[in-house]
Amino acid sequence: MEELIQKIREFRDERGWGPYKEKDLAISVSLEANELLENFQWRTSEEAIAESKQNIKEEMADVFIYLLLLADQMNIDLEEEAFKKMEKNAVKYPVNKEK
């Protein structure tokens, strides 16, 4: 993950694009997530994937990149936080409760 974050930083810095403020990165996550969602508008999941899979992959990558930039900017280990959140969700939504 660190190698990917470093490549993203280099890409950003070579273009003079940052670092951005956390608010701006959070807005960008939302905007890119909406671009991802557009692929599914007025279509079934199957239609969207069949017609727009490449664009879906690219928009997912954009969301991921902005999340990584935001986490990096805030010195957050996103992978560690995801594991913590899964543990919290397991307590909140136990298996026997959902069945």
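Overview of values
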read-out: Residue list for segment 38-65, filter: surrounded by 11 or more Cβ atoms within 10 Å (Cβ to Cβ) and either among the aliphatic types (A, V, I, L, M) or part of a loop (DSSP other than H, G, I, E, B) (or both); value: ASN39, PHE40, ARG43, ALA48, ILE49, ILE56, MET60, ALA61, VAL63, ILE65
read-out: Any chance GLU35 is open to solvent by 80 Å² or more (accessible area, probe 1.4 Å), modelled with pLDDT of 95 or more, out of contact with any strand residue (DSSP E or B) (no Cβ under 8 Å at 6 or more places or on another chain) and closer than 17 Å to ILE65 by Cα; value: no
read-out: Residues of segment 1-20 classified as surrounded by 11 or more Cβ atoms within 10 Å (Cβ to Cβ) and without any contact (Cβ under 8 Å) to a residue 60 or more places away in the chain, total; value: 8
read-out: Residues of segment 66-79 classified as within 13 Å of GLU2 (Cα to Cα), open to solvent by 60 Å² or more (accessible area, probe 1.4 Å) and either part of a helix (DSSP H, G or I) or of a type in the set (Gly, Ala, Ser) (or both), total; value: 2
read-out: Number of positions in segment 18-65 that are farther than 28 Å from GLN6 by Cα and small (Gly, Ala, Ser); value: 4
read-out: Which listed residue, of ASP72, ASP24, ASP77, ASP62, is among the charged types (D, E, K, R) and touching an Asp or Glu at 6+ places or on another chain (Cβ under 6 Å); value: ASP62
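The values are calculated or read from the model by the stated rules, or taken from the named source; none is laboratory data. Just so it is clear, the structure is predicted and the values come from calculations on it, not from any experiment. Using ideal geometry, Cβ is built from the backbone for each residue, glycine included, and neighbour counts are taken over all protein chains shown. Keep in mind that these areas ignore ligands, DNA and RNA; they rest on the heavy atoms of the full protein, side chains included. Shrake-Rupley method; radii C 1.70, N 1.55, O 1.52, S 1.80 Å.
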